[in-house]
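Throughout, read-outs are computed from the coordinates displayed, never taken from laboratory work. Just so it is clear, the structure is predicted and the values come from calculations on it, not from any experiment. Ideal geometry is used to build each Cβ from the backbone, glycine not excepted, and the neighbour counts take in all protein chains shown.
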Amino acid sequence: MRRAEEEFGEHLAVIGVHAGKFSRERQSAAILDAIRREDIHHPVINDCDYGVWQSYGIRAWPTLILIDAQGRVVARQEGELPYAELRARIGREIAAAQERGDLGARAVPTLSWPAAAGRLSYPGGIAAAADGSLYIADSGHHRILRWHPDSGVTDGWGSGLPGLEDGGPGKARLRDPHGLALVQDALWIADSGNHALRRVDLHSGQMTTPWRPATDAEAPLDHAALRSPWALAVDGRRVFVAAAGSHQIWLLDLAGGTLAPFAGSGYEALHDADLARARLAQPMALAGAEGQLFFADAESSAVRVLPLGSPGRVATLVGTGLFHFGNRQGGFAQTLLQHPQGIARIGDDLYVADTYNDQIVRLDLRRSESSVTLRGLLEPTALASRDGHLYIADTGHHRVLRWRPGRREAETVLA
């Protein structure tokens, strides 16, 4: 929609209608924060009682409805739509309205936001290096920072403006980056807003784009087409990618130079099966350990696991369905989370960023029990572990924390 707003300007008025599924998403303050995080400038309705949803007969997220200059519904689309198709339809309706003489240029109301006060803006990714450095996806600023405990922030990639451009620290551009992974002398980046994978050579400082989306006019496999890559996990020369947009986990084989789906049929659901037939629901976090890959399915509020060797099956540890969520701890079968977006393993414990409950939950893998271990956060997302510490992207508070399990409070690394 941002592309359509930019292209059609005053002839197109966009109004967002937010009918939240999760209880957090029905709170106006949370919606306002999400609008700021996504840099949305058009009006948004909080349809918390589903009044607009029902009046238009909506059945799915997302749904696009096109209304012409006379107030008539002329098109609707359930699910995502390639921009080329959307652009063509909007163009036809504008041309028809101009021909009828009922299209007037009007100022569309817009929202504006002040710049973030601190150094970070909605951080959404962390990778911890062996030398103590942290690589941080400063998602709201469309950049990657490198922080060291002795010298603070020492490097950064991304100009601060959204885009897709390769080059050195001052030239490269990203768009809403999230997941990070260190593989030998390179940093891999899930450039979520560009649907691309980026690579930084840590010796030269140069960023490249080995896998980027095809343009509207290109064949889908000019390069493998990802949809919203959100998290990365490393297993030797393999990088696993949480493709949130297609409800799959993809595998980047660095030795063979290939990128392809690894798990998930592409249908959104909570269904355990073999890797190809299992159904996932917006995976947004990955953590590999001891031949297994743990992942958080945000839309089903679930934590699941699969074997790194194939063949194998996806199994669910916590979670029961797309519309089952809450805040409850105990045995895994009774545990309820709300839209988890971060995961990390320390020993026999799996730590989960229970994002919409503003807390960190520990999953004891030996006893199959859950407990809350850290509260007072605001929509925490990415997690990383190193030397017994947990690093937390406390996204809503625009900061990165370091916490040792067992302690009552976390310390701020960067804000």
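How tilted is helix 28-37 with respect to the longest principal axis of the chain? Cα atoms for both, answer in degrees (0 to 90, nearest 10).
The helix 28-37 is inclined about 90 degrees to the chain.
Given an 8 Å cut-off on Cα distances and at least 6 residues of separation, report the relative contact order of region 48-190 as a percent.
Relative contact order comes out at 13 percent.
Please compute the modelled spin-label separation between Arg36 and Ala269, points set 7 Å along Cα→Cβ, answer in nm with one decimal.
Roughly 4.0 nm, to one decimal.
Taking H placed 1.01 Å from N in the peptide plane, check which residues at least 5 places from Leu414 or on another chain put their amide H under 5 Å from its amide H.
Val400
So who's got an amide H within less than 5 Å of the one on Asn327, skipping anything under 5 residues away but keeping other chains? H placed 1.01 Å off N, in plane.
Under 5 Å from the amide H of Asn327 lies no amide H from a residue far enough along the sequence or on another chain.
How high is the relative contact order of the chain, in percent, with contacts defined as C-alpha pairs under 8 Å that are six or more residues apart?
Working: 1036 pairs, mean separation 34.3, N = 415.
RCO, the chain: 8 percent.
Rank these for me by crowding, Trp211, Trp250, Trp157, going from fewest to most other beta carbons within 10 Å.
Trp211, Trp250, Trp157
Can you say what percent of the DSSP beta bridges in region 2-100, counting only those with both residues inside, are antiparallel? Round to 5. Provide the component values of the computation, followed by the final result.
Numbers: 5 of 8 bridges.
Of those bridges, close to 60 percent are antiparallel.
As a test of understanding, state the convex hull volume per residue of the chain from its alpha carbons, in Å³.
147
Given a Förster distance of 45 Å, report the FRET efficiency between Thr412 and Glu85 from their Cβ-Cβ distance, rounded to the nearest 0.05.
0.45
Indicate the gyration tensor shape class of region 2-100 (rounded, prolate or oblate), computed on the Cα atoms with a ≥ b ≥ c the square roots of the eigenvalues: a/c under 1.5 is rounded; otherwise a/b larger than b/c is prolate and the rest oblate. Walk me through the numbers on the way to the answer.
Working: a/c = 2.10, a/b = 1.62, b/c = 1.30.
In terms of gyration-tensor shape, prolate.
Could you give me the radius of gyration and the Dmax of region 287-415, taking only the C-alpha atoms into account and expressing both in angstrom?
13.9, 43
Would you grab the residues whose amide H sits under 5 Å from the one on Leu374? Only those 5+ places off in sequence or on another chain, please, with H modelled 1.01 Å from N.
Excluding prolines and chain starts, which carry no amide H, the hits are Ile360.
Would you work out if region 265-332 is rounded, prolate or oblate? Take a ≥ b ≥ c from the square roots of the eigenvalues of the alpha-carbon gyration tensor; rounded if a/c is under 1.5, else prolate when a/b is larger than b/c, oblate otherwise. It would help to have the intermediate numbers written out before the result.
On the way: a/c = 1.97, a/b = 1.32, b/c = 1.48.
Since a/c reaches 1.5 but b/c is at least a/b, the shape of region 265-332 is classed as oblate.
Can you put Leu251, Leu81 in order of Cβ neighbours within 10 angstrom, beginning with the fewest?
Least to most surrounded, the residues fall as Leu81, Leu251.
With contacts defined as alpha carbon pairs under 8 Å and 6 or more residues apart, what's the relative contact order of region 1-115 in percent? Walk me through the intermediate numbers first.
Working: 107 pairs, mean separation 31.7, N = 115.
Averaging sequence separation for qualifying contacts and normalising by length gives 28 percent for region 1-115.
D for region 143-213, whole µm²/s, Stokes-Einstein with Kirkwood Rh over alpha-carbon pairs at 10 °C and 1.306 mPa s: what number?
The estimated diffusion coefficient comes to 132 µm²/s.
Using 0.36 nm per residue of separation minus the Cα-Cα distance, give me the extension gain between Asp68 and Asp253 in nm, one decimal.
Contour length minus Cα-Cα distance gives 61.8 nm.
Quickly work out the Phe323-to-Ser112 label distance, labels modelled 7 Å from Cα along the C-beta direction, and quote it in nm with one decimal.
4.2
Sum up the charges of everything whose Cβ sits under 10 Å from the Cβ of Glu299, counting Lys and Arg as +1 and Asp and Glu as -1, but leave Glu299 out.
-1
Quick check on the chain: of the DSSP beta bridges with both residues there, what percent are antiparallel, nearest 5%? Numbers along the way, then the final one.
Numbers: 98 of 102 bridges.
DSSP beta bridges in the chain are roughly 95 percent antiparallel.
In whole Hz and in residue order, list the ³J(HN,Hα) couplings for region 89-103 that follow from phi through the Karplus curve 6.51 cos²θ - 1.76 cosθ + 1.60, θ = phi - 60°; x for Gly and Pro.
5, 4, x, 5, 5, 5, 4, 5, 5, 5, 5, 6, x, 10, 10
Separation between the Ala97 and Ala29 pseudo-spin-labels, each 7 Å from Cα along Cα→Cβ, expressed in nm?
With each label placed 7 Å out from Cα toward Cβ, I get 3.7 nm.
Among Asp297, Asp272, Asp49, rank each residue by its count of other Cβ atoms within 10 Å, from fewest to most, as a rough exposure measure.
Going from sparsest to densest Cβ surroundings: Asp49, Asp272, Asp297.
Quick one: go through region 318-355 and flag any residue whose amide nitrogen is under 13 Å from the point 7 Å out along the Cα-to-Cβ line of Arg366.
Within reach of a label on Arg366: 347-350.
HN-Hα J couplings of region 406-415 from phi, Karplus 6.51/-1.76/1.60, θ = phi - 60°, integer Hz, Gly and Pro as x?
So the J values, rounded to whole Hz, are x, 7, 6, 10, 9, 9, 7, 8, 8, 8.
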